[in-house]
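K.L.:
Submitted below is the structure of interest, expressed as structure tokens.
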Amino acid sequence: MSKNLMETEETNRLTREEEEEDDEDSREAWTEEENEEDGDENDEDLEFLCLFCDFKYSSCDALFDHFRLTHFFDFNGIRKDLGLDFYGSFKLINYVRSQVADNRCWSCGVCCQSKQDLQSHLHPSVNTKDVKLLLDDDKYLNPFMREDSLLYSFDGGEEDEDECNTSFEKEEIVKDFGSVCIDDDDTAEETELNAKTYNKDKKTVMACPNGHLSLASSSKIITENGMDYGENARSVESDPKDKQSRVCIADVVEKDIKKINDSYFGSYSSFGIHRDMISDKIRTDAYRQALLKNHSLLNGAVVMDVGCGTGILSLFAAQAGASRVISIEASEKMATVATQIAKDNGLWRSKTDSEGNKSCTGVIEVVNCMVEDLDKSIQIQPHSVDILVSEWMGYCLLYESMLSSVLFARDRWLKPGGAILPDTATIFVAGFGKGGTSLPFWENVYGFNMSYIGKEVVEDAAKFPIVDIINHHDLVTNAAVLQSFDLATMKPDEVDFTATAELEAKNDTLDHKATACFGLVLWFETGFTSRFCKEMPTVLSTSPYTPKTHWSQTILTFREPISVASSKFTAEGSAAVGTDACPASKILLRISIAHATQHRCIDISLETAGVGSDGRKRSWPAQMFNLT
């Protein structure tokens, strides 16, 4: 009996141990399952912070598209070009974060005044091989930012997956574009057209390398002003579940661009604007002379007038003997006005023989549309126009973004070898002195010194471009050509540009003495050259040396004045270049002008350096200006 009891107890003990093991296994299974769920939740909540701004994304793919389209940083492309393995890519992320923290461009090394200035300065890399040398420093193996999830989550890419033999197990990227959809009109109306708003809501609308808006999650291409919106955003189209989101976002952006265009063209419904333009004798006489004084060019020609307004240029073309004038005007009101003016002057082209004035020569037809939509409004054969004329210029030449529309019309409708009027455009730059600021006014206000106000006004002026008149007597440097355009041959993507210029102190007024250069003045000239206007070439100039126009000039004020003098000035000791003791004999400029994120506006970046008479050089932080 004792033996049986012992056997029974042994059996019960084994049973209890098996049950405890089962319970432990069950608890472990629950724990693992909970950990997996927590991990999934963490994966869903994981956010990747941009290297350049404060936007966060839940997908590496979305973040990399943001890098490429907004900040001109092609992470995967750079990895491939430099042949970076996992550790090299790890270093690259830390290197870029360290540079951005110092407001320094990761590519060219330019130090900017603020984070906002750096955002505007960022540009496609020219030579990434110099960056690879910097990545040899093992200090970039130390994470620059604590808990930087990007360091442990970036995708190696298809080509690198097989080559990177590391023990690091990469997490699978979760695409999140499918959660974005805006399909109600109210939301679309309230959405502002700027990259900041869209990114904040994870509707990725950014600036592309050519400066135009791009839909980073859109398969729908929007063509505005001769440019494609969305062409650079094809990389995220692989996921079919995002199609609905992409179409919704594209519709929102299209509505917003249309809203801005409607506002823009609506602003030209004011007759006051047209009076200012027509009353601008320099402007109107230049076009009138080009059209009326070149009889062999205009006689019997088919002319297209892009943005006709009141139709004044179309009237000149008809008067000069054109056989047909197609006047395109996007403003509904002004299209109606231009039609009536053509009728009132007996120049309206009737659609039927019974319509219109019997004495009408039937030359001008006004089409109410954007030039990009012309073939939807009338029947016109491609490359059937002899002459393309337009007064497309804005402040600083490129404001209002109308040049792209003119180039679109040229490529679509102008005959090979046809004339474009004007056919050249040139931007000039020069430095201005104290007389070009408000300082002299505030220094003597009815005998009182209010220069304190003047100094603050000048400091504020360094933040924004100013459109105003500069007297040529206030220029303290020579003028230099910044950029020239050949409108007959240039490509649409050449509208945005980066150019350099060199300014020298004016010897005729400085008498080898130092004077302060407070900033730069930009102006433009357009040419109706002998290439097309063989009988009477002419030039339209907005220079400070010529009578003023309604365009005035565009003024960019330095944060601090730069003292300049001729190269014959003797510098004192080792004083900093650009001071009164060591004025700069040359000012070196690097200026970029590009379409801004906001439709029809432009961004201007300015990098300045001074060279002393002894050859020493000094650079100033870059400045960014937005012309809106």
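The values are calculated or read from the model by the stated rules, or taken from the named source; none is laboratory data. Keep in mind it's a predicted model, so treat the numbers as computed, not measured. Backbone-built Cβ (ideal geometry, glycine too); neighbour counts: all protein chains shown. Keep in mind that these areas ignore ligands, DNA and RNA; they rest on the heavy atoms of the full protein, side chains included. Shrake-Rupley method; radii C 1.70, N 1.55, O 1.52, S 1.80 Å.
K.L.:
What order do you get for 132-141, 470-479 when each peptide is scored by the mean count of other beta carbon atoms within 10 Å, highest first?
P.N.:
Ranked by mean Cβ neighbours within 10 Å, highest first: 470-479, 132-141.
K.L.:
Tell me the per residue accessible area of region 48-152 using a 1.4 Å probe; a whole number in Å² is fine.
P.N.:
45
K.L.:
Using a simple charge model, +1 on the beta-carbon of Lys and Arg, -1 on the beta-carbon of Asp and Glu, nothing else, what dipole does region 48-152 show about its Cα centre, in debye to the nearest 20?
P.N.:
60
K.L.:
List the chymotrypsin sites (Phe, Trp or Tyr not before Pro) within region 426-458 that fall in a DSSP loop (any state other than H, G, I, E or B) and whose Cβ has at most 11 other Cβ atoms within 10 Å.
P.N.:
Taking region 426-458 and a limit of 11 other Cβ atoms within 10 Å, the loop chymotrypsin sites (Phe, Trp or Tyr not before Pro) found are Y446.
K.L.:
Relative contact order for region 48-152 using alpha-carbon pairs under 8 Å, separation at least 6, rounded to a whole percent?
P.N.:
Averaging sequence separation for qualifying contacts and normalising by length gives 30 percent for region 48-152.
K.L.:
Still on this structure, please answer the following. Could you tell me whether region 272-421 comes out rounded, prolate or oblate from its Cα gyration tensor? Rule is a ≥ b ≥ c as square roots of the eigenvalues, rounded for a/c under 1.5, then prolate if a/b exceeds b/c, otherwise oblate.
P.N.:
rounded
K.L.:
For the pairs K115/K434; K281/K568; K506/K534; K343/K415, note any where the Cα-Cα span goes beyond 31 Å.
P.N.:
Where the Cα-Cα span goes over 31 Å, the pairs concerned are K281/K568; K506/K534.
K.L.:
In addition: To the nearest 20 debye, what is the magnitude of the charge dipole of region 428-579 about its Cα centre, counting +1 on the Cβ of each Lys and Arg and -1 on the Cβ of each Asp and Glu?
P.N.:
The calculated dipole for region 428-579 is roughly 200 debye.
K.L.:
Averaging over every viewing direction, what projected area does the convex hull of the Cα atoms of region 345-504 cover, in nm²?
P.N.:
15.5
K.L.:
If each residue of separation counts as 0.36 nm, what is the full-extension length gain between K463 and A499 once their alpha-carbon separation is subtracted?
P.N.:
Answer, rounded to one decimal: 10.8 nm.
K.L.:
Could you provide, to the nearest whole Å², the per residue accessible area of region 424-627 with probe 1.4 Å?
P.N.:
Dividing the accessible area of region 424-627 by its residue count gives 45 Å².
K.L.:
On to the next question. Quick one: what Rg and Dmax do you get for region 48-152 from the alpha carbons, in Å?
P.N.:
Calculated on Cα positions, Rg and Dmax stand at 12.7, 34 Å.
K.L.:
Hey, got a sec? Which chymotrypsin sites (Phe, Trp or Tyr not before Pro) in region 526-628 land in a DSSP loop and have at most 13 other Cβ atoms within 10 Å?
P.N.:
Y545
K.L.:
Between E535 and L133, take the C-beta separation as r, use R0 = 60 Å, and let me know the FRET efficiency to the nearest 0.05.
P.N.:
E between E535 and L133, to the nearest 0.05, is 0.50.
K.L.:
Check L388: other-chain or 5+ apart residues with amide H under 5 Å from its amide H, H built from backbone geometry?
P.N.:
M304, A419, I420, L421
K.L.:
A follow-up question, please. Pairs to check: K80/K463; K132/K617; K129/K491; K455/K586; K56/K132. Give those whose C-alpha atoms are more than 32 Å from each other in this structure.
P.N.:
Listed pairs above 32 Å: K80/K463.
K.L.:
Only loop residues by DSSP count here, and only those with at most 13 other Cβ atoms within 10 Å; note down the trypsin sites (Lys or Arg not before Pro) in region 536-599 that meet that.
P.N.:
When the trypsin sites (Lys or Arg not before Pro) of region 536-599 are filtered for loop state and at most 13 Cβ neighbours within 10 Å, K568 remain.
K.L.:
Count the DSSP beta bridges whose two residues both fall in region 272-421, then state the antiparallel fraction as a percent rounded to the nearest 5.
P.N.:
5
K.L.:
Got a sec to turn the phi values of region 379-392 into Karplus ³J(HN,Hα) couplings, 6.51 cos²θ - 1.76 cosθ + 1.60 with θ = phi - 60°, whole Hz, x for Gly and Pro?
P.N.:
8, 8, 6, x, 6, 10, 9, 7, 9, 10, 10, 6, 9, 9
K.L.:
What number does region 535-628 give for Rg over Rh if you use C-alpha atoms and the Kirkwood radius?
P.N.:
Looking at region 535-628, the ratio lands at 1.11.
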